[in-house]
Every structure is written in C-alpha cells, then in structure tokens.
Amino acid sequence: MYRWLYIPVCKFAALIMKGINIQITAECDLRCPWCIEEESLCEHSGVISKQNLEHLMCDIIKDRYDMISLQGGEPLLYPEHLLEIITAIRKELPHTKIQILTNGTHLTEKLVTIFNDIKAHLVISLEAEGYKGIKFLINNAKEPEKILQNINALRSKQIRSVAKDITNFAQDAFMLHAIFPRSIIEVTPDFNQMVSYTESDIQGMKKEILKIKQKSHDVKNWLLIPRAFYWRCDIQSYKYLFAEDKIINDCPNKIPSGCAILTRSMPDGIYEKYRQAVKETLE
C-alpha cells in the first residue's frame, strides 16, 4: 500500500527527491486482504525501540530526506510514539515533508489538530463499501460519531482506495469524493491482481475514468491514478524495516521512463497501456 507514496509530490517535479518510509510498528488492527505489507504484519509486536529510533534519527538527519513517511502496520496504534518521532523530525528537519499512512480508525479530534499544526499529510486507506468501507470505519473508529468530521478537518489528506476490480470503480470514487470533497481520491490497482491484467482490463479502467470525467468538470483536481508518469522516476526511495532494524533501497532498479515496480508487476506491455490510458483521460 505504500509504493505510491510520492506520486502527488513528484507529479509536477523533475528534480531528484529523497524519501524514506519508516515502519514504526508491524502491528495492525485490520487485516486487509490486498495489503502488500501482509508478510511483515503481526510477526513482531510493539513499536520501534528508543535505541533503534535514536540510530534511525541519526541516519535521517545525516541524509537530509525531502520526504518522510510514517507507516506500519498501523502507526496510530502508538500515537505518543508517533508524535515523539514527528517532533524529533520537525526539530532537526523543519522543511521536510511528513506523511502518515493510516486506516483512519484511530484518528481523533486531538490528533487532527496536531497533524494540522505540524503540516503533516495523511494518506487514509478507505473504501466506499465492503470490508474497509465507510460503515466499517464508523463502526470501528475511536470516535465514531466524529470520524468523518475528523477526516474532513484534516488540511492535507488523500483517500487511498484499492480497486479490487479495475474495470468498476467510478461509482465508489464519486461516493468518496462526495463525502470528502476537499481530499484527493487515489484509486490504486490491487497489487495482488495486476499480475493478471489484460488489455481488456485497461480499456475498462479507461472507461471508468471517462465516466467520472463526464460527471465532474474538475476531476483532474481530485482524482489520482498512481504511477502513470512518462518521465524517468528519479526519486531515491528508501524504507526502514521495523523487524530488521535496517534501511533498504525500496526501488533500486530504475527504468528510462515510468515506474519500474508496476512494469515488473504487470504482464509484458500492459503497464505501457496503463499509463497511456491515464494520459489520454487525465493529463
């Protein structure tokens, strides 16, 4: 779920950026079947130790990252630790962009105020219906009567919706846009399914985007179909692994144009058709 982290930032930029995804815990209170972090979840309990955090902060300060993403598992399971990490980052790197990836169920009014004050960008994994739908969010939220208000009160956010069927997502995208009108709605392919995508699937995706365009005059301002860019991706992306206490290069094999990860994840030639479909409809 975190491989598209920097797309909204790099969409209009050609400069090389350096980002790191920090897994502060491997625990998660949800078990989303499409989660690409599934293998690392719940094998190790707890949160990043103080000693490991001190070593990590030394590396972060030394390498001067442009963007830092805090993730899990579910990082809001440990709000005090999360805020401690953010405070340390802001003290040493006041201009670094901070993102927090969350399922949203532990979001509270107090946390919203803090996140707005520190100018953090939240990526909330949410569906219109089903396992991780709006009803599920309300039923499982820490402040259920305020959960939708809390999300809308975030100044910088995007809703990440995994399209289990890439040929049928327009209605769900519209619903999320109606509920969260000031949010980017990111419709992202299911990594578990894209290995079997066909040309017919890509054409179906294109038709869904066109359905949205017919009903929304400003769709380019709120709909995001990730990793469909036509330039070379020069983002240096790293990841801190909680269980192993080490930093790895998250995408070492760049390609001349487009996303290397999606190119390897889709059948031969399909990624090219994927990004061409997005270009023709959204760019």
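The values are calculated or read from the model by the stated rules, or taken from the named source; none is laboratory data. It should be emphasised that the depicted structure is a prediction, and the values quoted were computed from it without experimental measurement. We place every Cβ from the backbone using ideal geometry, glycine too, and count neighbours over all the protein chains shown.
General observations
- Residue list for region 236-245, filter: modelled with pLDDT of 85 or more, surrounded by 13 or more Cβ atoms within 10 Å (Cβ to Cβ) and either over 19 Å from the mean Cα position of the chain (by Cα) or not small (Gly, Ala, Ser) (or both): Gln236, Tyr238, Lys239, Tyr240, Leu241, Asp245
- Test: residue in region 203-223 that is out of contact with any helix residue (DSSP H, G or I) (no Cβ under 7 Å at 6 or more places or on another chain), surrounded by fewer than 20 Cβ atoms within 10 Å (Cβ to Cβ) and part of a strand (DSSP E or B): no
- Test: residue in region 75-89 that is surrounded by fewer than 20 Cβ atoms within 10 Å (Cβ to Cβ), outside any helix (DSSP H, G or I) and in contact (Cβ under 8 Å) with a residue 12 or more places away in the chain: no
- Screening the candidates Ile20, Ile16 for the property of being at pLDDT 90 or above and either more than 18 Å from the chain's Cα centre (by Cα) or assigned to a strand (DSSP E or B) (or both) yields one hit, Ile20.
- From the list Lys254, Lys246, Lys239, the one residue that fits, being basic (Lys, Arg), free of Cβ contacts under 8 Å to residues at least 12 places away in the same chain and in contact with a strand residue (DSSP E or B) (Cβ under 9 Å, 6 or more places away or on another chain), is Lys246.
- In region 205-235, the residues that are among the small types (Gly, Ala, Ser) and at pLDDT 90 or above: Ser216
- Residue within region 266-277 that is surrounded by 19 or more Cβ atoms within 10 Å (Cβ to Cβ), of a type in the set (Gly, Ala, Ser) and under 27 Å from Asp66 (Cα atoms) present: no
- Screening Lys62 against (1) closer than 18 Å to Asn21 by Cβ; (2) touching a residue at least 12 places away in the same chain (Cβ under 8 Å); (3) of a type outside the set (A, V, I, L, M) leaves a single unmet condition, (2).
- Region 56-65: number of residues that are crowded, with 19+ Cβ neighbours inside 10 Å and acidic (Asp, Glu): 0
- Residues considered: Ala243, Ala277. Of these, the only one that is among the aliphatic types (A, V, I, L, M) and not in a helix (DSSP H, G or I) is Ala243.
- Within region 94-105, restricting attention to residues that are in contact (Cβ under 8 Å) with a residue 40 or more places away in the chain and of a type outside the set (D, E, K, R), the residue that is farthest from Glu145 (Cα to Cα) is Gln99.
- Scoring Ile100 on the criteria (1) at pLDDT below 95; (2) buried (at least 16 other Cβ atoms within 10 Å of the Cβ); (3) in contact with a helix residue (DSSP H, G or I) (Cβ under 7 Å, 6 or more places away or on another chain) leaves a single failure, condition (1).
- Among residues of region 261-274, those that are touching a helix residue (DSSP H, G or I) at 6+ places or on another chain (Cβ under 6 Å) and either on the phi > 0 side of the Ramachandran plot or not in a helix (DSSP H, G or I) (or both), counted: 1
- Filter result for His106 (under 17 Å from Thr25 (Cβ atoms) and in a helix (DSSP H, G or I)): no
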